[in-house]
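Just below is one structure, and these are the notes that go with it.
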Amino acid sequence: MRLLERITYVALISVSCLSIWALTRSQFLPHSERQESVASPLQGKSITLGDVSWDRAPQTVVLFLSAHCHWCKASVPLYQKVSTLHKRTKGAFQFIAVSSGAEGDLLEFLAANLIEADRIIPAKTANLGIRGTPTVLLVDRHGTVVSSWRGALNNSDESALLEALQKPPLRSDARR
């Protein structure tokens, strides 16, 4: 009987420690460390997005999101940085938001979070085959996806995106 009690106590203590570790990790680590971004299969492919003219700017940021997505809400500071950079570097890149839900919900979400996009396009019109939100695409002036991320971007991916938007893209006209 004594051996069974000891085994039970050890099991209870082990389960309690694991539970405390999991709770601490989910509550105190920043979101970018809890969900890693994942590269999209669209990277390197040419895409069309309704009547979007890719050559209006050297590059275009396409942000596919939902107003009701947890990771989209957690990523608002990044989207605000992109929006601010977009306003500050007039014409350096286009900023397009694609709504996976109701377009009105996304309009309210963007306005409430002080994020200004050039256009908002409904997902059914976009028809990119993107399933997860948030997804960020960086598209060149030929409509080719240069970089893409799905999920909440980690710190290095956020830096890579912001850096790509602040420097002129490589001239890709020579290959076409």
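The values are calculated or read from the model by the stated rules, or taken from the named source; none is laboratory data. As the structure is a prediction and not an experimental result, all values here were calculated from the model. Counting neighbours? That spans all protein chains shown, and the Cβs are built from the backbone with ideal geometry, glycine included.
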> Somewhere in the stretch 151-174, is a residue of a type outside the set (Val, Ile, Thr), modelled with pLDDT of 90 or more and loosely packed, with under 14 Cβ neighbours inside 10 Å?
Replying inline: no
> For the stretch 109-150, which residues satisfy the criterion of being closer than 12 Å to PHE64 by Cα, crowded, with 20+ Cβ neighbours inside 10 Å and without any contact (Cβ under 8 Å) to a residue 40 or more places away in the chain?
Replying inline: none
>> For the structure I just gave you, tell me whether LEU85 is in contact with a helix residue (DSSP H, G or I) (Cβ under 9 Å, 6 or more places away or on another chain), crowded, with 16+ Cβ neighbours inside 10 Å and at pLDDT below 90.
In response: no
>> Tally up the residues in the stretch 61-101 that are closer than 19 Å to ILE130 by Cβ, assigned to a loop (DSSP other than H, G, I, E, B) and of a type in the set (A, V, I, L, M, F, W, C), please.
In response: 2
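Tally time: how many residues in the stretch 41-60 are crowded, with 16+ Cβ neighbours inside 10 Å and either outside the structural domain of ALA164 (by TED's automatic domain parsing) or in a loop (DSSP other than H, G, I, E, B) (or both)? Give the steps one after another, and end with the answer.
Within the stretch 41-60, the subset crowded, with 16+ Cβ neighbours inside 10 Å is 42, 47, 49, 52, 54, 57-60.
With the extra rule that they be either outside the structural domain of ALA164 (by TED's automatic domain parsing) or in a loop (DSSP other than H, G, I, E, B) (or both), the set shrinks to 42, 47, 49, 52, 57-58.
So the count comes out to 6.
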> For ALA92, all conditions in the list (1) crowded, with 21+ Cβ neighbours inside 10 Å; (2) within 20 Å of LEU165 (Cα to Cα); (3) of a type in the set (Gly, Ala, Ser) hold save one; what is the number of the exception?
Replying inline: (1)
